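The block underneath contains the structure these notes are about, expressed in structure tokens.
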Amino acid sequence: MARARALALALTLALLLAPSDDDAFTRGASTALMLAHGAVVASQCPVGDDAVLRTTGSNGAVASGDLSQPASLVSGCSYDFNLGDRTELYLVMRRDSEDQRLTIEWDLTYEYKAPTFAFTWNGQSTRGAEGLNPHTHSEIKSVMYADWLWTPGAPTGSHTFAQSDDGRDEYHCSAACRAFETNLPSKTGDLYITLSTWQAYNPVEGSVIVRMETPRKAIKEAQLDVIKAVYDATCASRLAPATWSSDEYLANTNTDPGQMPHCDWIPGGWKSTWHTSNACDEIPGLTCDGEGDVLGLRVTEKGLAGDLPPGLAGKLPKLEELNLDGNQLTGNVLEVLMYSSSIRSFSAAGNGLRGRIPCPGAGPPPNGLDSESDWSSWYNTAVDACGASAGNPYVRHKGAKGLYHLDLGQNALDGEVPGACLAACAPSLASVDLAGNGLVGAIPASFANLSDTLRALDLGQNRLTGTLPASYASLAKLRTLDLSLNRIGGGIPPSWMTDMTALYSIDLSHNLITGELPATGPRLTRLRRVFLGHNKLRGGDVGSQLVHLYDALRSETHERDSFAAGTTYVLSGNDFSGPLPDALRQLFTHPKTARALAQVRLGGNRFRCDKATGGWPRWAAKLQLGHAHSFGACQPVPVVTSVRKFVGASNKEQTTSAVRSSGDEGDAPIVPVVRMGDPLEIRGEGFVVSDEARCRFAIRRGRDADGTERLRFAYSPATVILPETNSPTNGDPPRGGFGRLTCDAGVFDASDLTIPLDAIVSVAMFGDDFYDDDTVANHREFFIRLACPARTAGAHCQHTAVNLCNDAGVPTDDGRGCMCDEGRVGGRCDACAEGWSATYVVDGGEIGAGEFGNNAGKLASCDAPDGDANGGAGNKDAPTLVPWAEWALIAGSCVTTALAGVLYLVVTRELKGSPVFAPAVTARTDAPNLRDSSGDGSRNASGNPPPDGEIPFDDAFGGSLPPMVGRGYANLRDEESGR
């Protein structure tokens, strides 16, 4: 209510002073905090130093003024103040009659918590001024006693303390008051107000307006009809029976406000007498100004259902606050946000709202917007209109410049987050909650334009993608950020952890965030709640993060605040590795920090098992952790059992030459000789499938003056292969089993080394937790002897195929010659073998040798002669023949083939009884006709004579058929045709 009065007067002044200047709105709105309403006019408000409230220090000393002289407030005037940590303001406000209502309006800036207002009637309440508590009761004299204590729930807002049903104002007597006071009736006179940071634990600055006013006895008739229309449309048909209460319904933890069976907004229903009585005070949730205009409607979790009546924004022109959380509303709710330019706080969370999020105060979009591009175009039009100095013909309004709170969470809204139009049309936004919808697209970077106002942003539980905008680092006043339960990838911008100095709570859990955890900057001393669980974070120094947290919590102020608010640090379900951070021991054993910790959860990571215990370190086992804290299970470090060169999938034979490790004697292990970059196979225990798996190769380089061994390292990625028996049988991450992995031997810069040399081989499944003497008990070193990489030679691998052999051969160890590839000849492999065709490179293009003659340009390739089965691109190690030898081989093959054919013919005729060289045989006259199946002398199995023109079988052979030939033919016909 207070905000509406100030804003209305500010608008009037803005129009009078500079009607065409957009900045006049801002200047007028800020001037409104110094204007009074009703009986108080601007000329009665203090100005300059008189409008600055005075404070006392933590030791009770008075900076200016004292407890006996509290600042007397003028109702409706704005006062500025700057409260340090554990300081107090002493104020007094006159209440002339019992029907006056107290209203407080505030605009504050603080780190963690808002200050506390303490109200008393029998003298000033104090905590800072020791011994000055005015109350005489022994049980409360040493504490900050008040008839009633109240703390604002947001940095900016207003609140009216309504009169209770029993006739007593709620701020006149609280539970403590009833326990120690005897004079309970409502009081008039001086109401003492103490504004204290003793329970905030941080400095606070800002402005405050306190009003004591008599409510208007009537609401404007037309606006009362609008409220009745809201009641009829959403509640009348669902009116709760007299025996049913929404409060009792919600007290059951298994109930859902969105499923409330009845409406309990106005118990007993609408009263006809409200058209002549003080309806604004009697209708629950309704707030009006002194002129009878509706300023606010707050009906939360009362069972409203269905659609609001259309046109509310136009019928309630001064509406500043609409709160309809926890109902079952579906239609015309977003219309209020769309049309209203006076709205300052809009909340409709937990309903059934569908569709797109409108631009506040920018009017409706045109019909027919279907595609994402159509909506993007409309949003851009709204942005231009809200930022224009003159009206825009495509947009009815110019935004809701005073909107500071927007909550549309837990609905069914879709489309992209209209960040640009929210920032342009509602530039005063301090709190935005759009969580629990179906929003898609990227996180809008445009919210970074609200760096002077935005304090809370919640976009969790949607389907947002993309990466975290680095520009959010400019949100210097942002205290809480929730982007959890989305599909966001990429890393956390390092600038977030250094520049977002007001950040108190950050929740990025249940996303796809990768990379390392950035270091926390020294200015991020306010960060108390960190939720990064269930991502793909790895590496980084978690220990340094916890040390930073420990240092912040150790100070008295931060420890007090954290104990009150509950410090939470959740990193579970990631891929963090390394030792369990020792900073945890400090956090859980220091008295101040241990009390501050509400929840520390590190389970589901890859922190390695301790070398000495095989589990968590002994100090961790001694910590007395509550159920809210969890470290999970540790990850065993892999143990290597063998190293050899990888020879393929079968892996059945060792093809690598081997030597004993230098300096070893007797039964020393055999060391395989491997070229740098060649594949290795490593077997062991504690292997798990991991995309972080690596092999490490270390060579010794002597010792420092203090005896520390100097090592040089090379790394290569590894592929882990596990037996099926190692597959996890539940949802827990595997802790490791027997398996093998393959990786390439490390490649070192050999310019200052002497090759070959021995390298120590180790593996890690996660991070830098390699198998070595620091991580595993009874560690055993495994070596390989490294030779130069392929196609290089020399003691320092200084001879390369490129430099010495035109990249067409392998240099010799002394660098004086080359072993050329197939088709190349010459001391430097700079010519083609006989019969091979050369291709040269001239000015970047290729030409054949015949075009400009041999040796034109640089030799690029040698192509095999025509007829080469390999086409010049076959196996370079295959032997080659000179041309005459090839022709000889071809001729020999032809002769061999002919002889084999003759031999086959001879053998076949012999087997059939018709030798090639046998004498002639006279046919027997009594030989049976094998084709005569009927025995009648014909040669047709059907008994019919041969068809005309058919030659009898034995006639075709001159009347004499060799017996074996005839029998073979007859058998063939019998098998195929049955004849």
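The values are calculated or read from the model by the stated rules, or taken from the named source; none is laboratory data. Just so we're clear, the structure is a prediction, and the values are computed from it rather than from any experiment. Cβ: placed from backbone, ideal geometry, glycine included. Neighbour counts: every protein chain shown. Heavy atoms of the whole protein, side chains included, go into the accessibility calculation; ligands, DNA and RNA do not. Shrake-Rupley method; radii C 1.70, N 1.55, O 1.52, S 1.80 Å.
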Q. FRET efficiency for Lys315 and Thr214, Cβ-Cβ distance as r, R0 = 35 Å, nearest 0.05?
A. 0.85
Q.
7 Å from Cα along Cα→Cβ at both Ser377 and Leu903: what's the point-to-point distance in nm?
A. 8.6
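Suppose the chain between Ser495 and His590 were pulled fully straight at 0.36 nm per residue; how much longer would it get relative to their current alpha carbon spacing?
31.2 nm
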Q) Tyr192 accessible area, nearest 10 Å², 1.4 Å probe? A) 50
(Q) Take Arg700 and His796, extend 7 Å from each Cα along the Cα→Cβ direction, and tell me the distance between the two endpoints in nm. (A) 2.4
Q. Going toward the positive end of the dipole of the stretch 517-556, with +1 on Lys and Arg Cβ and -1 on Asp and Glu Cβ, which of Leu553, Leu532, Pro522 do you reach last?
A. Leu532
Q. Relative to the Cα centre, what is the charge dipole magnitude of the stretch 363-495, using +1 at the beta carbon of each Lys and Arg, -1 at the beta carbon of each Asp and Glu, and rounding to the nearest 20 debye?
A. 380
Q: Among Asn327, Pro284, Leu250, pick out the residue whose Cα is farthest towards the positive end of the charge dipole of the stretch 221-380, where Lys and Arg carry +1 and Asp and Glu carry -1 on C-beta, about the Cα centre.
A: Asn327
Q) If the label point is 7 Å along Cα→Cβ of Ala445, which residues in the stretch 501-527 have backbone nitrogen under 14 Å from it? A) none
Q. Which FRET efficiency, nearest 0.05, do His262 and Thr719 yield, Cβ-Cβ r, R0 51 Å?
A. 0.20
Q. What does the accessible area of Val895 come to, in Å² to the nearest 10, when a probe of 1.4 Å is used?
A. 90
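By average Cβ neighbour count within 10 Å, what is the ranking of 676-683, 746-753, 503-510 from highest down?
Those peptides, ordered most packed to least, come out 503-510, 676-683, 746-753.
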Q: Using a 1.4 Å probe and counting only protein heavy atoms, arrange Tyr472, Tyr715 so the residue with the most accessible area comes first.
A: Tyr715, Tyr472
**Q.** Longest to shortest principal axis, alpha-carbon extents of the stretch 571-625, angstrom
**A.** 30, 25, 15
(Q) Show me the three semi-axes of the equivalent ellipsoid for the stretch 410-555, from the C-alpha gyration tensor (sqrt of 5 times each eigenvalue), largest first, rounded to whole Å. (A) 25, 18, 12
Q) Of the heavy-atom accessible surface of the stretch 678-829 (probe 1.4 angstrom), what whole percent is carbon and sulfur? A) 48
Q | Residue-count net charge about Ser245 - beta-carbon cut-off 11 Å; Lys, Arg +1, Asp, Glu -1 | A | -2
(Q) Between Arg354 and Arg94, what is 0.36 nm times their sequence separation minus the Cα-Cα distance? Round to one decimal in nm. (A) 88.8 nm
**Q.** the stretch 217-325 shape via C-alpha gyration tensor axes, a/c threshold 1.5
**A.** prolate
